[in-house]
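Engineer: Okay, handing you the structure first.
The values are calculated or read from the model by the stated rules, or taken from the named source; none is laboratory data. None of these values were measured; they are calculated from a predicted model. Cβ sites come from the backbone with ideal geometry, for glycine too, and all protein chains shown count toward neighbours.
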Amino acid sequence: MSEQADVERGASEGALPQGALQEGVSAKAAPQEGASSKSAPRCAALVGPYLSGKTTLLEGLLFAGGTIGRRGSVREGNTVGDSTPEARARQMSTEMNAAATSFLGDSWYLLDCPGSVELTYETQCALLAADMAVVVCEPEAERAATLAPLFKFLDDHRIPHMVFINKMDTVPDRIGDVLAALQSASMRPLVLRQVPLGGAAQGGGEEGGTTGYVDLVSARAYRYQSGQESALTVVPEGFWEQEGVLREALIEKLADFDDALLEQILEDMVPPKEELYRQLAQDVRADLIVPVFLGSGLRENGVHRLWKALRHETPSPEETAARRGLDAGTGAGTVTEIFKTSYAQHTGKLSLARIWRGGLQEGMSLGGTRIGGLFRPLGSSLEKLSAAGFGEVAALSRMEGVATGAVLTDNGKAPELSQAEPPHPVYGLAIAAEKRNDDVKLSAVLAKLIDEDPTLIVEHDPEAGETVLRGQGEIHLQIALDRMRTKFNLAVTGKRPQIPYRETIRHGGEQHARFRRQSGGHGQFADIQIEVKPLPRGSGFAFTDSVVGGTIPKNYIPAVEEGVAEYLKRGPLGFPVVDVVVNLSAGQFHAVDSSDQAFKTVGRMAMTEVMPKCDPLLLEPVHHVDISVPNAFTAKVQRLVTSRRGQLQGYDLKPGWRDWDVVTAYMPQAELHDLIVELRSVTLGAGTFTSRFDHMQELIGKPAERVVAIRTEQAAQ
């Protein structure tokens with residue numbers, strides 16, 4: 001159905017005042033490509049920052065499409081998305097939610113993606129499975145920089161997208177300022193489709209939110225009606241004298257990709273509206289431009305207009321498959337991609353999949369795994385299916401051994417599709433089951449948790465005796481812990497992981513030690529002389545012997561080394577000792593009473609006595625850190641690094657990124673635990689970092705005293 005038909009259908013409903021038309025375009029508009037109601041289902045992902053209103057917009061889209069009879073509220077906890085206890089408690093999306101719906105006879109799947117930067121990977125997986133992305137943002141120019149990583153991902157993967165500036169019913173910034181800020185974050189040209197009317201028009205929002213808009217293609221004005229489609233109204237007097245340049249800018253941008261349109265402009269001809277609509281749809285589907293729409297998901301303002309833009313400008317599944325290097329139109333067999341994994345209490349493991357070729361039937365095998373059940377999703381609700389066809393999003397049950405990102409076929413020959421790369425972990429918690437009886441259960445639950453979320457990493461630290469769960473931030477790990485309790489019935493505690501401090505010595509020393517014990521029968525006897533010296537940083541531990549004349553038989557020397565090494569696991573400051581060499585220079589033995597155990601014991605005794613005399617020194621691990629931030633925040637990040645005992649090494653442009661820097665530094669590992677929390681605070685959520693161990697360095701003064709005091713207290717417990 002064309003946009004012309006959309007207008008005529010709206011006018012025939014008779015729901016508007018006399019003389020008004022439903023939101024749409026010129027009655028002369030030509031039918032658009034790819035808008036047939038008989039086409040395969042299409043999929044759009046709602047993405048954007050935390051608090052931008054994606055879940056509320058999803059409710060509006062589902063309500064406008066007739067899928068739900070009443071819009072839910074995030075505050076009331078009755079929305080289609082965000083149905084888990086973790087989401088309800090935080091009033092935020094903690095995972096992606098899928099919803100099947102329709103609009104004007106076309107079948108759709110909408111993916112409501114989490115906005116927290118800590119849950120970006122799940123959003124990226126959903127984007128790769130979608131035909132179109134709707135970037136939802138607030139009308140605040142200052143926060144536009146936080147969208148740069150999202151725009152970069154969309155641009156790198158050539159994913160068509162449009163922008164919906166939400167919450168225009170509030171008091172927004174000047175739309176020109178917002179658009180300029182968004183353009184600075186995007187490599188693709190943004191084209192404004194609508195100009196706001198009312199208090200938040202181009203002049204600013206001092207008088208309140210928008211009351212309507214002027215469509216820059218149809219050149220018509222519309223008045224918002226809460227909960228309804230917008231009504232046609234009169235274009236304000238003098239509007240085109242003031243804002244006509246915006247329509248010209250839109251046409252000129254379209255002409256960059258169409259020679260015929262460019263020729264018309266050069267000849268001072270006004271292009272027909274149907275030609276502009278055709279070129280818009282073509283350029284958006286090809287990811288050449290990004291249209292920008294306005295509205296309010298809460299009040300249903302602009303939601304119908306957004307639906308119609310999606311309907312006419314979203315590529316078909318065939319086009320999306322071709323973009324990803326897969327021929328969906330020909331070839332035998334089924335190709336299905338898993339883009340989300342979850343576990344439900346009653347149905348077990350669920351794998352959310354997009355069907356890129358062929359179809360699925362309950363009980364068929366994919367990649368050697370039999371489909372246990374087939375469902376159509378609507379948030380947490382699942383509709384049982386016997387079959388699902390090309391383009392659909394379906395939940396598959398009991399696909400054991402199948403991970404997120406897997407591409408499955410019915411013939412075992414799976415094509416390679418581009419995948420999102422799990423990000424580097426930036427935050428960790430040492431976790432343990434609250435009840436000791438649940439220790440065995442912990443491993444199984446962690447395996448399921450990582451199956452759901454591959455950005456979670458589990459590390460086992462045998463030295464500290466800790467199991468460390470690492471992820472993308474404090475919120476990310478708290479959600480994981482809450483999910484373990486609510487979904488898997490396992491209560492888990494989390495605390496700051498221990499830092500692997502080491503100790504060494506400043507000076508060398510010599511020590512004579514004798515071990516003698518007589519308790520009837522064979523006794524114990526061993527006598528040694530050792531020399532201890534410091535080694536260069538990073539050398540570790542070395543053991544040598546210079547025994548001459550057989551004063552200690554060679555078969556006892558390894559026992560001395562074993563005793564020395566055993567002591568070095570915990571030095572005088574309470575930490576493992578490194579960068580020392582111990583030389584066994586002399587000693588005595590007894591033909592009857594000497595033994596391996598005796599020489600092992602005397603080796604440990606000698607080290608216990610000599611090490612405190614060698615001026616022990618605490619060492620802390622230092623990491624090489626690369627911090628990525630918009631260059632507007634570079635100075636703040638440099639101050640943050642130095643405030644955390646970091647040593648700045650410099651900064652440079654981030655390769656492949658516009659207006660972003662990478663700040664390089666050496667930072668103590670102890671300062672990295674909550675670095676991401678403060679980094680995101682000073683960069684409006686945009687900053688992130690990667691780190692790797694580099695070297696050990698001396699820790700002296702009060703910081704060292706505090707570390708030793710804590711270790712002494714722990715040892716006494």
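Engineer: Please find, among 468, 458, the residue that is surrounded by 12 or more Cβ atoms within 10 Å (Cβ to Cβ), outside any loop (DSSP other than H, G, I, E, B), of a type outside the set (Lys, Arg) and in contact with a Pro (Cβ under 6 Å, 6 or more places away or on another chain).
Structural biologist: Numbers: 458 fails: in contact with a Pro (Cβ under 6 Å, 6 or more places away or on another chain).
Residue meeting the stated conditions: 468.
Engineer: Also, I was wondering about something else. What residue, among those in segment 265-319 that are of a type in the set (Val, Ile, Thr) and part of a loop (DSSP other than H, G, I, E, B), is nearest to residue 62 (Cα to Cα)? Show your work before the answer.
Structural biologist: Keep residues of segment 265-319 that are of a type in the set (Val, Ile, Thr), which gives 265, 270, 284, 289-290, 292, 303, 314.
Next, only the ones that are part of a loop (DSSP other than H, G, I, E, B) stay: 270, 289, 314.
Details: 270: 37, 289: 26, 314: 17 Å.
Once the filter is applied, the top-ranked residue is 314.
Engineer: Restricting the search to segment 234-258, which residues are in contact with a strand residue (DSSP E or B) (Cβ under 8 Å, 6 or more places away or on another chain) and charged (D, E, K, R)? Spell out the reasoning first.
Structural biologist: Filtering segment 234-258 for residues in contact with a strand residue (DSSP E or B) (Cβ under 8 Å, 6 or more places away or on another chain) gives 234-236, 239, 243, 246, 249-250, 253-254.
The answer is 243, 253.
Engineer: Could you tell me which of the residues 507, 522, 590 is under 19 Å from residue 613 (Cβ atoms), of a type outside the set (Phe, Trp, Tyr) and surrounded by fewer than 16 Cβ atoms within 10 Å (Cβ to Cβ)?
Structural biologist: Working: 522 fails: under 19 Å from residue 613 (Cβ atoms); 590 fails: under 19 Å from residue 613 (Cβ atoms).
Sole residue among the options that is under 19 Å from residue 613 (Cβ atoms), of a type outside the set (Phe, Trp, Tyr) and surrounded by fewer than 16 Cβ atoms within 10 Å (Cβ to Cβ): 507.
Engineer: Filter segment 543-568 for residues that are among the aliphatic types (A, V, I, L, M) and surrounded by 13 or more Cβ atoms within 10 Å (Cβ to Cβ) and give the result.
Structural biologist: Residues of segment 543-568 among the aliphatic types (A, V, I, L, M): 547-548, 552, 557, 559-560, 564-565, 568.
Selection gives 547, 552, 557, 559, 560, 564, 565, 568.
Engineer: Of these, 683, 690, which one is under 22 Å from residue 143 (Cβ atoms), surrounded by 14 or more Cβ atoms within 10 Å (Cβ to Cβ) and among the hydroxyl-bearing types (Ser, Thr, Tyr)? Talk me through it step by step, then tell me what you get.
Structural biologist: On the way: 690 fails: under 22 Å from residue 143 (Cβ atoms).
Just a single option satisfies the conditions, and that option is 683.
Engineer: Could you list, in sequence order, the residues of segment 97-125 that are of a type in the set (S, T, N, Q) and under 14 Å from residue 61 (Cβ atoms)? Don't jump to the end; show me each part of the working.
Structural biologist: Within segment 97-125, the first condition is being of a type in the set (S, T, N, Q), and the residues that meet it are 97, 101-102, 107, 116, 120, 123-124.
Selection gives 97, 101, 102, 107.
Engineer: Further, regarding this structure: Determine, yes or no, whether residue 322 is out of contact with any helix residue (DSSP H, G or I) (no Cβ under 6 Å at 6 or more places or on another chain) and farther than 13 Å from residue 392 by Cβ.
Structural biologist: Details: out of contact with any helix residue (DSSP H, G or I) (no Cβ under 6 Å at 6 or more places or on another chain): yes; farther than 13 Å from residue 392 by Cβ: yes.
The answer is yes for residue 322.
Engineer: Looking only at segment 213-228, filter to residues that are closer than 27 Å to residue 253 by Cα and out of contact with any strand residue (DSSP E or B) (no Cβ under 8 Å at 6 or more places or on another chain); which one of those is surrounded by the most Cβ atoms within 10 Å (Cβ to Cβ)?
Structural biologist: The qualifying residue surrounded by the most Cβ atoms within 10 Å (Cβ to Cβ) is 217.
Engineer: Just checking, which of 551, 601 is more than 30 Å from residue 671 (Cα to Cα) and either free of Cβ contacts under 8 Å to residues at least 40 places away in the same chain or assigned by TED's automatic domain parsing to the domain that holds residue 710 (or both)?
Structural biologist: Criteria check complete, one pass: 551.
Engineer: Another question, then. Give segment 525-542 a look and list any residue that's crowded, with 19+ Cβ neighbours inside 10 Å and among the acidic types (Asp, Glu), or say none.
Structural biologist: Across segment 525-542, the qualifying residue is only 527.
For (1) buried (at least 16 other Cβ atoms within 10 Å of the Cβ); (2) within 23 Å of residue 137 (Cα to Cα), each residue gets a yes or a no:
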{"position": "291", "(1), (2)": "yes, yes"}
{"position": "296", "(1), (2)": "yes, yes"}
{"position": "319", "(1), (2)": "yes, no"}
{"position": "322", "(1), (2)": "no, no"}
{"position": "326", "(1), (2)": "yes, no"}
{"position": "347", "(1), (2)": "no, no"}
{"position": "351", "(1), (2)": "yes, no"}
{"position": "358", "(1), (2)": "yes, no"}
{"position": "376", "(1), (2)": "yes, no"}
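Conditions tested, residue by residue: (1) touching a helix residue (DSSP H, G or I) at 6+ places or on another chain (Cβ under 8 Å); (2) charged (D, E, K, R); (3) modelled with pLDDT of 95 or more.
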{"residue": "134", "(1), (2), (3)": "yes, no, yes"}
{"residue": "139", "(1), (2), (3)": "yes, no, no"}
{"residue": "142", "(1), (2), (3)": "yes, yes, no"}
{"residue": "162", "(1), (2), (3)": "yes, no, yes"}
{"residue": "171", "(1), (2), (3)": "no, no, no"}
{"residue": "198", "(1), (2), (3)": "no, no, no"}
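Engineer: Looking at the structure I just gave you, is residue 80 modelled with pLDDT of 80 or more, touching a helix residue (DSSP H, G or I) at 6+ places or on another chain (Cβ under 8 Å), in a loop (DSSP other than H, G, I, E, B) and buried (at least 24 other Cβ atoms within 10 Å of the Cβ)? Working first, answer last.
Structural biologist: Numbers: modelled with pLDDT of 80 or more: yes; touching a helix residue (DSSP H, G or I) at 6+ places or on another chain (Cβ under 8 Å): yes; in a loop (DSSP other than H, G, I, E, B): yes; buried (at least 24 other Cβ atoms within 10 Å of the Cβ): yes.
Yes: the conditions hold for residue 80.
Engineer: What's the number of the only condition in (1) within 18 Å of the chain's Cα centre (by Cα); (2) surrounded by 22 or more Cβ atoms within 10 Å (Cβ to Cβ) that residue 164 fails to meet?
Structural biologist: Only one criterion is unmet by residue 164, namely (1).
Engineer: Would you please name the residue that is farthest from residue 572 (Cα to Cα), looking only at residues in segment 682-705 that are among the charged types (D, E, K, R) and modelled with pLDDT under 95?
Structural biologist: 702
Engineer: Only one of 649, 669 is closer than 28 Å to residue 465 by Cα and at pLDDT 95 or above; which? Steps first, please.
Structural biologist: On the way: 649 fails: closer than 28 Å to residue 465 by Cα.
Checking each option against the conditions leaves just 669.
Engineer: Let me ask something else. I need a count of the residues in segment 471-508 that are among the charged types (D, E, K, R), part of a loop (DSSP other than H, G, I, E, B) and modelled with pLDDT of 95 or more.
Structural biologist: 2
Engineer: Could you say whether any residue in segment 622-642 is surrounded by 13 or more Cβ atoms within 10 Å (Cβ to Cβ), in contact with a helix residue (DSSP H, G or I) (Cβ under 8 Å, 6 or more places away or on another chain) and charged (D, E, K, R)?
Structural biologist: yes
Engineer: Can you name the residue in segment 569-584 that is crowded, with 17+ Cβ neighbours inside 10 Å and in a strand (DSSP E or B) and, of all such residues, is farthest from the chain's Cα centre (by Cα)?
Structural biologist: Of everything passing the filter in segment 569-584, 584 is farthest from the chain's Cα centre (by Cα).
Engineer: Here's a follow-up. Just to verify a result, which residue in segment 169-197, among those that are within 26 Å of residue 42 (Cβ to Cβ) and part of a loop (DSSP other than H, G, I, E, B), is farthest from the chain's Cα centre (by Cα)?
Structural biologist: The residue in question is 193.
Engineer: Additional query: If a residue has to be closer than 21 Å to residue 519 by Cα, acidic (Asp, Glu) and assigned to a helix (DSSP H, G or I) to count, how many in segment 585-622 make the cut?
Structural biologist: 1
Engineer: Right, here's the next one. Considering only residues that are assigned to a strand (DSSP E or B) and more than 21 Å from the chain's Cα centre (by Cα), look in segment 331-356 and name the one that is modelled with the lowest pLDDT. Walk me through it before giving the result.
Structural biologist: Going through segment 331-356, the residues assigned to a strand (DSSP E or B) turn out to be 335-344, 348-356.
Filter once more, so that each one left must be more than 21 Å from the chain's Cα centre (by Cα): 335-336, 344, 348-349, 355-356.
Details: 335: 93, 336: 94, 344: 82, 348: 88, 349: 93, 355: 96, 356: 94.
Checked segment 331-356; the qualifying residue modelled with the lowest pLDDT is 344.
Engineer: Give all pairs with beta carbons closer than 8 Å in which a residue from segment 280-296 that is on the phi > 0 side of the Ramachandran plot meets a residue that is in a strand (DSSP E or B); count only pairs at least 6 apart in sequence or on separate chains.
Structural biologist: Correct list of pairs: 287/161; 295/164; 295/165; 295/301.
Engineer: Scan segment 73-88 and tell me whether some residue there is farther than 27 Å from residue 480 by Cα, touching a residue at least 24 places away in the same chain (Cβ under 8 Å) and touching a strand residue (DSSP E or B) at 6+ places or on another chain (Cβ under 6 Å). Write out each step before concluding.
Structural biologist: Let us first name the residues in segment 73-88 that are farther than 27 Å from residue 480 by Cα, namely none.
Scanning segment 73-88, I find no residue that is farther than 27 Å from residue 480 by Cα, touching a residue at least 24 places away in the same chain (Cβ under 8 Å) and touching a strand residue (DSSP E or B) at 6+ places or on another chain (Cβ under 6 Å), so the answer is no.
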